[in-house]
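Asker: Please read through the structure below; I'll follow up with questions.
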Amino acid sequence: MKSSRRSFLKAGLALPALGAAPVVAQTAAVKDSSFDPWVEIHPGNLRHNVRAISRRVGSRPILAVIKNNGYGMGVANAARLLEPAAEIYGFAVVKLHEAVTLRDAGVRKPILLMGPFDEKSLEEAVRRDITPMVYTPIGDLLDRLSAKFRRAIPIHVCVDTGLGRVGVPHLEAAALIRDLTGRRSARIAGAMMTFAEDPEFDREQLKRFEALCGGLEKEGVSLGRKHAASSFGLFQHPGAFLDMARPGMAIYGIYSEKEFRHAGVMDLRPALSLKARVIYTKKLRRGESAGYNRAYVAKDDVWVATLPVGHADGWPRQAAKGARVRIGGKLYPVIASVSASHTIVEIGAAAEAQIGDVVTLFDWREGSRPEDVAAACGGSVYDLTMHLNPLLPKKFALTHT
Ligand SMILES: Cc1ncc(COP(=O)(O)O)c(C=O)c1O
């Protein structure tokens, strides 16, 4: 279970809202060279995933994690598409600039900033109605800002129940929370923790969190919405859905662990694809090579196609170790080596692809899903999606898939 999770490796205009995605077969292209790689977004699949998650969590609200370039989709694209869905409570990001981008894009729902901030950044966050995740004794700072803005500042308190990353240690959390709740400057709108994703230890973490929250609530402390379940929790910890779910990867329709894919718990459909067009084809004769260091030598005469996509775009170097890409209805192996801007694929003894053909590096179909590519690379779907170059053009597929 643990091998895959983290082990390797301009928004278009007039976005269709999730609540009302058109069914016409059409792709709204952005202005761009037709050969450059692009990310295609499938709003219909996004909507499907939100509904599937909502059913799974018994209609609890969903705090959609759209950090790190919206998992490849673009943070503003993800928010604009998700915001109209009633199931979506709000959004979580890690960088202040992403939160500000969302407000600039007109996003109105709550935004939780799960990343760090200094005093100036916190002031900016409060001004933009962005909720900070708090785990240090910043009561005095909150007092100052509250006086300046003349209102209580909503916060979510992050408790470290064992992940050891950020969060007030669970045994010290009651004191911090009592201090914050005793001030008029702060309003605790949420309390949160993150699992280590070790099924046995997770149970202990949940116990610690529940003990803390239960104790405080008995004292009359209001903790707002309690939340813990990321995508892993959706599959593994139905007892930890609490007041709100906090998934990222599942929203984009990708199984975060390969064991989840065929578990029958949720039907997820990838909501983003990576595509490019063939820029060149040629026949290699037996013994001829391709790629730096002659990484590939043709055993027989074979046709190869060159794609204008490489690791600078976020397409992993490891793809040359067994990933396959889709051209037409068929999958073709990536060969040689993936360089910064190029990938080479075998296209058969006779040329089965032409210059200009659309190539799908990953999409929602069996065999070319992100999970398939990540497995072929010996890596993680997180690396595949979050490493996509944010500057890749985005197109919106308006068909139901
Ligand atoms: C604190 C926190 N919550 C939720 C998530 C969402 O995780 P996932 O994409 O696995 O659902 C993340 C992402 O890693 C996170 O850091």
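The values are calculated or read from the model by the stated rules, or taken from the named source; none is laboratory data. Treat the numbers as computed from the prediction; the structure is a model and nothing was measured. Cβ coordinates were reconstructed from backbone atoms using ideal geometry, including for glycine residues, and neighbour counts include every protein chain displayed.
Asker: Which residues, counting only those in the range 291-322, are farther than 29 Å from residue 42 by Cβ and within 34 Å of the chain's Cα centre (by Cα)?
Answerer: 291, 292, 295, 296, 304
Asker: Please give the number of the condition residue 165 fails out of (1) out of contact with any Pro (no Cβ under 8 Å at 6 or more places or on another chain); (2) more than 24 Å from residue 119 (Cα to Cα); (3) outside any helix (DSSP H, G or I).
Answerer: (2)
Asker: What is the residue count in the range 54-82 for residues that are over 16 Å from residue 107 (Cα atoms), of a type in the set (S, T, N, Q) and more than 16 Å from the ligand (Cβ to nearest atom)?
Answerer: Count: 1.
Asker: Give all pairs with beta carbons closer than 8 Å in which a residue from the range 372-401 that is of a type in the set (Lys, Arg) meets a residue that is assigned to a helix (DSSP H, G or I) and buried (at least 17 other Cβ atoms within 10 Å of the Cβ); count only pairs at least 6 apart in sequence or on separate chains.
Answerer: So the pair list comes out as 394/77.
Asker: How many residues does the range 197-207 contain that are of a type in the set (Asp, Glu) and either at pLDDT below 95 or not in a helix (DSSP H, G or I) (or both)?
Answerer: 3
Asker: Right, something else. Quick one: which strands (runs of 3 or more DSSP E) sit completely within the range 312-401 and have at least 3 residues that are of a type outside the set (A, V, I, L, M) and buried (at least 17 other Cβ atoms within 10 Å of the Cβ)?
Answerer: Output list reads 394-397.
Asker: If residue 184 meets every condition in (1) away from the ligand (no atom under 13 Å from the Cβ); (2) out of contact with any helix residue (DSSP H, G or I) (no Cβ under 9 Å at 6 or more places or on another chain); (3) assigned to a loop (DSSP other than H, G, I, E, B) apart from one, which number is that one?
Answerer: The one condition residue 184 does not meet is (2).
Asker: Being part of a loop (DSSP other than H, G, I, E, B) and crowded, with 21+ Cβ neighbours inside 10 Å narrows it down to one residue among 194, 136; which is it?
Answerer: 194
Asker: Another question about this same structure. Pick from 141, 176, 163, 113: which is within 15 Å of the ligand (Cβ to nearest atom) and either surrounded by fewer than 21 Cβ atoms within 10 Å (Cβ to Cβ) or not aliphatic (A, V, I, L, M) (or both)?
Answerer: When all the criteria are applied, what remains is 163.
Asker: What is the residue count in the range 190-216 for residues that are among the hydrophobic types (A, V, I, L, M, F, W, C) and within 16 Å of the ligand (Cβ to nearest atom)?
Answerer: Number satisfying all stated conditions: 7.
Asker: Would you tally the residues in the range 218-232 being of a type in the set (A, V, I, L, M, F, W, C) and away from the ligand (no atom under 16 Å from the Cβ)?
Answerer: Total satisfying the criteria: 2.
Asker: Can you name the residue in the range 120-133 that is part of a loop (DSSP other than H, G, I, E, B) and either in contact with a Cys (Cβ under 9 Å, 6 or more places away or on another chain) or at negative phi (or both) and, of all such residues, is farthest from the ligand (Cβ to nearest atom)?
Answerer: The residue in question is 128.
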